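None of the figures in this text is laboratory data; all of them are computed from the coordinates on show. As the structure is a prediction and not an experimental result, all values here were calculated from the model. Cβ atoms come from the backbone with ideal geometry, glycine included; neighbour counts cover every protein chain shown.
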Ligand SMILES: C[S@@+](CC[C@H](N)C(=O)[O-])C[C@H]1O[C@@H](n2cnc3c(N)ncnc32)[C@H](O)[C@@H]1O
């Protein structure tokens, strides 16, 4: 047990500190015993944290070389000249950020970028002179951010568990609202904002309860959750048509490159493995292979259907304001 350093959390007794940024050297984890004492856990506890990686988003960074982890904004509502190029997609991502940030009210200075990805938007805000804190619970994204933008203040934590005294003028949720626990998030947002602070949300929402994109929030429930916690919706823009060219792009790439590559790999493996081994592996891995087949042939292609997406979801920018408490 060691004496505690000055940590920025007003931690209650016996709480568990998971925000590694504030752990010594940023590379270990501490269990707080009281505000003054903690136990430093060995590094193998980090293994668990390293598992908290969103591989879909990692694909964006490592394979597509994307700087942003959102869907982009196509001002002409289609791919330029109908050409499926990665550079057009990346330009659309930059356009999305420009458009979104135009909603930030003039009075804003302190911003919490909730679900900051690899920090591209935070960095733009920082360059514009805002006081930005970047927050994400993803270990891999945090490591990329720290390498690319070491000057940014990054905190690795779930938004729902994020604790600090500082209050913000605006919380930015660029495609991160869909991940949050609505039982906690609106209350947490309220706590973290100054009186009359803002929450700028850009995300896709389900129009009703439906298994399609089932992890996304249902719009009416999201709005109700925010209103009940004391927020008022100032502005809302439907940008679905400007965003969905990305789905067509994903469908094109998936059918043209991803699926044939996987099929080719499967064929190669089949040839390499002798018949008895193949026979037993098929039995042992039957369930997993069935699931994989479902994901490859049904689940993913269905997600890349922009017509179905438009029918069942809506992509919105929303500017919320915290209502002042009366009397
Ligand atoms: C689709 S990415 C968007 C990244 C970035 N905002 C952008 O627009 O490029 C979603 C982000 O939310 C983060 N995230 C997911 N759940 C979270 C949570 N509970 N608390 C904080 N961040 C979360 C992910 O790690 C990721 O950084």
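Extending 7 Å from Cα along the Cβ direction at residue 295 and again at residue 109 yields two label points whose distance is 4.7 nm. Each principal axis of the Cα cloud of the range 259-307 was evaluated for its coordinate range; sorted largest first, these ranges are 45, 21, 7 Å. For the range 112-254, the fraction of C-alpha pairs farther apart than 24 angstrom is 36 percent. Hydrodynamic estimate: the Kirkwood radius of the range 171-327 over Cα pairs, inserted into Stokes-Einstein at 37 °C and 0.692 mPa s, corresponds to D of 175 µm²/s.
Across all Cα pairs in the range 155-237, the calculated P(r) in 5 Å bins from zero up to the longest distance comes to 3, 14, 25, 28, 17, 9, 3, 1 percent per bin. Comparing Cα centroids, the range 260-327 and the range 215-250 end up 23 angstrom apart. A Cα-only calculation for the range 75-169 places Rg and Dmax at 15.3, 50 Å.
Relative to one another, the C-alpha centroids of the range 113-182 and the range 71-103 are positioned 22 Å apart.
Label separation (residue 236 vs residue 274): 6.5 nm, computed from points 7 Å beyond Cα along the C-beta direction.
The fewest-to-most ranking of 281, 174, 134 by surrounding Cβ atoms within 10 Å reads 281, 174, 134. Rg and Dmax over the alpha-carbon atoms of the range 235-327 stand at 21.8, 78 Å. The residues 176, 85, 306, 274, when put in order of fewest to most other Cβ atoms within 10 Å, stand as 274, 85, 306, 176.
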